[in-house]
Amino acid sequence: MPTCSRAAFIIRNIAVRPRFGNCWQRKRAASARRFGERGSERAKAEGQPYIDRGWQAVKTNSIEALVKADIDFHHFIYELSGNPMIAETSSPHWAYLRCVMGAVLMSGGTPANIWKQHEAIMQAVSEGDVERAGQLASTHISYASGAVQRKIADDEASNPQQPGQQVKRA
């Protein structure tokens with residue numbers, strides 16, 4: 001299991017290699033567009049419980065519940081796309097993404113913003129609005145990426161270290 005400090009190191013590298021980050025963003029946005037095309041009825045029938053679990057996690061402020069709800073939401077989105085390759089190619093990254101999501105969700109005020117974005121994405125999908133779903137997914141990815149970058153910068157400012165050195169947490 002990777003350490004969260006390793007995930008932060010990887011995210012730093014993604015920031016300096018924007019082509020990788022852009023590829024990931026395009027994959028997620030493509031998933032949203034595809035589920036907008038194919039998953040509208042299923043999103044209407046099954047999507048609301050994912051959103052409800054996310055908002056319940058926001059209320060409890062449990063990082064574990066927030067990360068689980070976030071992962072469940074994203075996996076549902078992958079299923080709605082009808083393209084099993086999206087989930088398959090994302091699978092190796094989930095160990096690190098759990099750490100990244102935890103970092104994003106621990107940022108001040110972020111959980112409610114994340115779930116507002118998820119809710120808007122699910123609404124667009126339910127309505128079959130493919131363009132809006134893709135645009136909202138791209139915005140969501142940019143927002144989360146920016147939150148992670150700010151968290152890393154804040155952590156590095158308060159705990160200077162050598163590049164690539166693991167952060168020791170209490």
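The values are calculated or read from the model by the stated rules, or taken from the named source; none is laboratory data. Just so we're clear, the structure is a prediction, and the values are computed from it rather than from any experiment. Virtual Cβ from ideal backbone geometry, glycine too; neighbours counted across all protein chains shown. Protein only, heavy atoms only, side chains kept; ligands, DNA and RNA dropped before computing areas. Shrake-Rupley method; radii C 1.70, N 1.55, O 1.52, S 1.80 Å.
The table that follows gives values for the structure above.
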| quantity | calculated |
| --- | --- |
| Selected residue (criterion: farthest from ARG53 (Cα to Cα)) from residues of the range 67-107 that are in contact with a helix residue (DSSP H, G or I) (Cβ under 8 Å, 6 or more places away or on another chain) and of a type in the set (Asp, Glu) | GLU79 |
| ILE121 vs. criteria farther than 13 Å from ALA147 by Cβ and crowded, with 21+ Cβ neighbours inside 10 Å | yes |
| The range 129-145 - residue that is small (Gly, Ala, Ser) and either more than 26 Å from GLN56 (Cα to Cα) or modelled with pLDDT under 80 (or both) and, of those, most open to solvent (accessible area, probe 1.4 Å) | SER145 |
| Qualifying residue in the range 22-41 (condition: assigned to a helix (DSSP H, G or I) and modelled with pLDDT of 80 or more) | yes |
| Inter-residue pairs, beta-carbon under 9 Å, first closer than 16 Å to VAL100 by Cα and open to solvent by less than 80 Å² (accessible area, probe 1.4 Å) and in the range 153-166, second at pLDDT 70 or above and in a helix (DSSP H, G or I), 6+ apart | ASP155/ALA103 |
| Yes/no for ILE114 being within 13 Å of the chain's Cα centre (by Cα), touching a residue at least 12 places away in the same chain (Cβ under 8 Å) and crowded, with 17+ Cβ neighbours inside 10 Å | yes |
